[in-house]
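Asker: I have a structure here, written as structure tokens, and I will follow up with some questions on it.
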Amino acid sequence: QVYLVESGGGLVQAGGSLRLSCAASGRTFSNYYMGWFRQAPGKEREFVAHIGWSGMTYYADSVKGRFTISRDNAKNTVYLQIHSLNPGDTAVYYCAAAVSGSLFRAGIPGYWGQGTQVTVSS
């Protein structure tokens with residue numbers, strides 16, 4: 001079992017930046033791909049980004065250039081840095097863990113956090 005706890009969400013003005021964190025516990029952190037999804041009001045949950053144990057990253061086309069995912073294996077933590085926030089980024093952001101990147105892209109990572117709310121005001 002992998003336990004995931006997100007933090008760092010909040011209310012931000014458009015144009016601002018935010019860094020989300022996700023602390024993992026349970027099984028060996030470095031064995032897992034880590035990543036993020038988000039779910040906007042009235043919309044389905046969508047894949048955002050994932051990162052492998054070595055640092056290789058993969059992003060959804062919709063967030064490339066503004067979102068940066070990183071991980072610190074020593075701290076069992078994955079981060080999502082978001083720049084140039086706009087109201088369209090308003091969503092609950094979920095941390096997730098999976099044994100492969102393909103599971104992330106398929107939307108079935110296996111382990112989920114409870115989510116952190118990001119609200120962007122115009």
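Asker: What are the ³J(HN,Hα) values, in whole Hz, obtained from phi via the Karplus relation 6.51 cos²θ - 1.76 cosθ + 1.60 with θ = phi - 60°, for each residue of the range 7-19 in sequence order, with x given for Gly and Pro?
Answerer: Each residue's phi maps through the Karplus curve to give 7, x, x, x, 9, 9, 7, 4, x, x, 10, 8, 10 Hz.
Asker: Skipping prolines and chain starts, which residues have an amide H placed within reach, meaning under 5 Å, of the one on Asn86, given they are 5 or more residues away or on another chain?
Answerer: Gly15
Asker: Hey, how much of the P(r) for the range 19-78 falls beyond 14 Å, as a percent of Cα pairs? Could the numbers behind the result be given before it?
Answerer: Details: 986 of 1770 pairs.
Cα-Cα pairs of the range 19-78 separated by over 14 Å account for 56 percent.
Asker: Residue by residue, what Karplus-based ³J(HN,Hα) values in Hz, rounded to whole numbers, does the range 62-67 have, using 6.51, -1.76 and 1.60 with θ = phi - 60° and x for Gly and Pro?
Answerer: 5, 10, 4, x, 10, 10
Asker: Now for a different question. Take the Cα of Asn73, step 7 Å along the line toward its Cβ, and report every residue of the range 93-109 whose backbone nitrogen sits under 19 Å from that point.
Answerer: Output list for this probe position: 96-102.
Asker: Under the rule of at least 5 residues apart or a separate chain, name every residue whose amide H is placed under 5 Å from the amide H of Val48.
Answerer: Hits under the 5 Å cutoff: Trp36, Phe37, Arg38.
Asker: In whole percent, how big is the carbon plus sulfur part of the accessible area of the chain, probe 1.4 Å, protein atoms only?
Answerer: Details: 3000 of 6180 Å².
Heavy-atom surface of the chain belonging to carbon and sulfur, 1.4 Å probe: 49 percent.
Asker: Tabulate in residue order the Karplus-calculated ³J(HN,Hα) for the range 24-38, using 6.51 cos²θ - 1.76 cosθ + 1.60 with θ = phi - 60°, rounded to whole Hz; enter x for Gly and Pro.
Answerer: Along the range 24-38, the couplings run 10, 8, x, 6, 4, 4, 5, 7, 10, 6, 10, x, 9, 10, 9 Hz.
Asker: Okay, moving on. For the chain, what does the helix formula give at 222 nm: sum of -39500 (n - 2.57) over DSSP H segments with n ≥ 4, over the residue count, nearest 500 deg cm²/dmol?
Answerer: Working: 1 runs with 5 residues, N = 122.
Counting only the DSSP helices, I get -1000 deg cm²/dmol.
Asker: Further, regarding this structure: Under a 1.4 angstrom probe, counting protein chains only, how are Arg71, Arg45 ranked by accessible area, largest first? Each step should come with its number before you reach the end.
Answerer: Values: Arg71 40, Arg45 100 Å².
Largest to smallest exposure gives the sequence Arg45, Arg71.
Asker: Under a GNM of the chain (C-alpha, springs under 10 Å), which listed residue has the highest mean-square fluctuation: Leu85, Leu103, Leu20?
Answerer: Leu103
Asker: May I ask you to give the solvent-accessible area per residue for the range 1-95, in square angstrom, as obtained with a 1.4 angstrom probe? Working shown, then result.
Answerer: On the way: 4860 Å² over 95 residues.
With the other protein chains kept in place, the range 1-95 gives 51 Å² per residue.
The values are calculated or read from the model by the stated rules, or taken from the named source; none is laboratory data. The model shown is predicted, which means the values in this text are computed figures rather than measured ones. Here Cβ is always computed from backbone atoms with ideal geometry, including for glycine, and neighbour counts include all displayed protein chains. The protein model used for the area step is the full one, side chains on, heavy atoms only, and it has no ligands, DNA or RNA in it. Shrake-Rupley method; radii C 1.70, N 1.55, O 1.52, S 1.80 Å.
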